[in-house]
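A.B. asks: Submitted below is the structure of interest, expressed as structure tokens.
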Amino acid sequence: MKSNNTFTLGSGATSQKGRPSENRSFRLDHETIDKLNDISEKERVSVNVLANKALRRYVEYDVLAEKFGLITISKALLKTLFALMTEEQARELGRKSGREAGPGFVTFWYKKFDLENTIKAIGKVTSEYGRNFSFDSSFDGKTHVLVMRHESGKNASAYYAESVKAVFALLGLDSRMEENEDQVTAYVDALPSSSLLPPLKPSTTIPKLPRLTTPPITK
């Protein structure tokens, strides 16, 4: 591989996470291939997985983030900026961000502003790709539990709590927040929807009764 700068993506690999795959060949410079090999050995992950991950991030996040105007800053700087605010300033900024930017943010990535896409945007765009915080979620059939661990201080918790609450309020959803120094847990009640309701039973067709006829009267 180090003697050839042609890299075949998907070679010998099955589809990842149920996604269909196909082989594609790319010409990469030797330095990039060498670094991919080094990372592959250190992390014990195939080069194919690393390349897929990098390309998926590019098409799912990097291109859109640039168009949406997002930038990357260090966690240390983010923590410093929140520390310069009062708690109420952080909350007001969160409410404003949720109300004004939330729907557009979700729609920009996923085309429709609804509960499913909002949770997806928080977990995929803001957490996995934006790396603002780590994210876990669960659903018991009635309430979504969203856990955001940011490690940026209490004002960051105030900001994220108000921002998330404002976004879900626009969807008509009740949400409750638990905050501590480095984490926000949101409890979001799901509105009844077709995906949560049991399937309708097929309607029963009442069979038609045979038409009764009066026998002719003979004299």
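A.B. asks: Tell me the residue from Phe139, Phe82 that is among the hydrophobic types (A, V, I, L, M, F, W, C) and crowded, with 17+ Cβ neighbours inside 10 Å, please.
C.D. replies: Details: Phe139 fails: crowded, with 17+ Cβ neighbours inside 10 Å.
The unique qualifying residue is Phe82.
A.B. asks: Could you please find all residues in the range 34-71 being touching a residue at least 40 places away in the same chain (Cβ under 8 Å) and among the polar types (S, T, N, Q)?
C.D. replies: Answer for the range 34-71, where residues must be touching a residue at least 40 places away in the same chain (Cβ under 8 Å) and among the polar types (S, T, N, Q): just Asn52.
A.B. asks: Let me ask another. Condition (residue is surrounded by fewer than 16 Cβ atoms within 10 Å (Cβ to Cβ) and farther than 24 Å from Ala161 by Cβ) applied to the range 97-115: is it met by at least one residue?
C.D. replies: The answer is yes; a qualifying residue exists.
A.B. asks: Quick check on the range 65-79: of everything there that is surrounded by 10 or more Cβ atoms within 10 Å (Cβ to Cβ) and farther than 18 Å from Tyr159 by Cβ, which residue is nearest to the chain's Cα centre (by Cα)?
C.D. replies: Ranking the qualifying residues of the range 65-79, first place goes to Ala65.
A.B. asks: Another one. Only one residue in Asp62, Asp38, Asp29 is among the charged types (D, E, K, R), out of contact with any Gly (no Cβ under 8 Å at 6 or more places or on another chain) and open to solvent by less than 60 Å² (accessible area, probe 1.4 Å). Which one? Give the derivation first.
C.D. replies: Numbers: Asp38 fails: open to solvent by less than 60 Å² (accessible area, probe 1.4 Å); Asp29 fails: open to solvent by less than 60 Å² (accessible area, probe 1.4 Å).
It is Asp62.
A.B. asks: Got a number for residues in the range 124-149 being under 21 Å from Val59 (Cβ atoms) and in a loop (DSSP other than H, G, I, E, B)?
C.D. replies: Result for the range 124-149: 3.
A.B. asks: Quick one: count up the residues across the range 124-136 that are within 18 Å of Ala161 (Cβ to Cβ) and open to solvent by less than 20 Å² (accessible area, probe 1.4 Å).
C.D. replies: The initial filter retains those residues of the range 124-136 that are within 18 Å of Ala161 (Cβ to Cβ), namely 126-127, 130, 132-136.
Adding the requirement that they be open to solvent by less than 20 Å² (accessible area, probe 1.4 Å) leaves 127, 133.
Total satisfying the criteria: 2.
A.B. asks: Would you check which residues across the range 76-103 are farther than 29 Å from Leu171 by Cβ and part of a helix (DSSP H, G or I) and list them?
C.D. replies: Within the range 76-103, Ala76, Leu77, Lys79, Thr80, Ala83 meet the criteria.
A.B. asks: Further, regarding this structure: Kindly evaluate Ser152 against the criterion of being in a loop (DSSP other than H, G, I, E, B), modelled with pLDDT under 95 and over 28 Å from Tyr61 (Cβ atoms). Please lay out each step first, then the result.
C.D. replies: Numbers: in a loop (DSSP other than H, G, I, E, B): yes; modelled with pLDDT under 95: yes; over 28 Å from Tyr61 (Cβ atoms): no.
The answer is no for Ser152.
The values are calculated or read from the model by the stated rules, or taken from the named source; none is laboratory data. Please read all numbers here as calculations on a predicted model, not as lab measurements. Backbone-built Cβ (ideal geometry, glycine too); neighbour counts: all protein chains shown. For the accessible areas, the whole protein counts, side chains as well, though only heavy atoms, and no ligand, DNA or RNA atoms are used. Shrake-Rupley method; radii C 1.70, N 1.55, O 1.52, S 1.80 Å.
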